[in-house]
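Enquirer: Next up is a structure, given as structure tokens.
The values are calculated or read from the model by the stated rules, or taken from the named source; none is laboratory data. For clarity, every value in this text was computed on a predicted model and none was experimentally measured. These area figures cover heavy atoms from the full protein model, side chains too; ligands, DNA and RNA do not enter into them. Shrake-Rupley method; radii C 1.70, N 1.55, O 1.52, S 1.80 Å.
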Amino acid sequence: ASRDSAYVRARRALQTESFTMDVTDSSKGRLTGTRWPSTGAQQGSSAACHVSVDLQVQGDATHSEVTSVSRWLAPATMSDKAPQVCEEERSQVLERTAGVLNPPAAP
């Protein structure tokens, strides 16, 4: 996919995941989004995790490459569960985003 197409797909993917877009710079191919914990999230659940993703889209009219830097934060009350729960959530968000960027080929 072209760089522009990859940028649009990446932005759509983050918005679908309920991320607040902090930085959207299409000319530099940069997207930064944050998904804040749900207000009624049960402590220990993935909904209580704060996830931040920074995507950099590079390429040209025929090819694109997307790199990411991401992290999670959790309330101190989740310190025992956060490494597993929040890391799993962060990984799943990146997998779903990759699925939007590189959809499976139609049969």
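Enquirer: Of a type in the set (A, V, I, L, M), assigned to a helix (DSSP H, G or I) and open to solvent by 20 Å² or more (accessible area, probe 1.4 Å): is that true of residue 6 in this structure?
Expert: No.
Enquirer: If you don't mind, there's one more thing I want to ask. Where in the range 12-107 are there strands (runs of 3 or more DSSP E), lying wholly inside it, with at least 1 residues that are β-branched (Val, Ile, Thr) and open to solvent by 90 Å² or more (accessible area, probe 1.4 Å)?
Expert: Per the criteria, 64-73.
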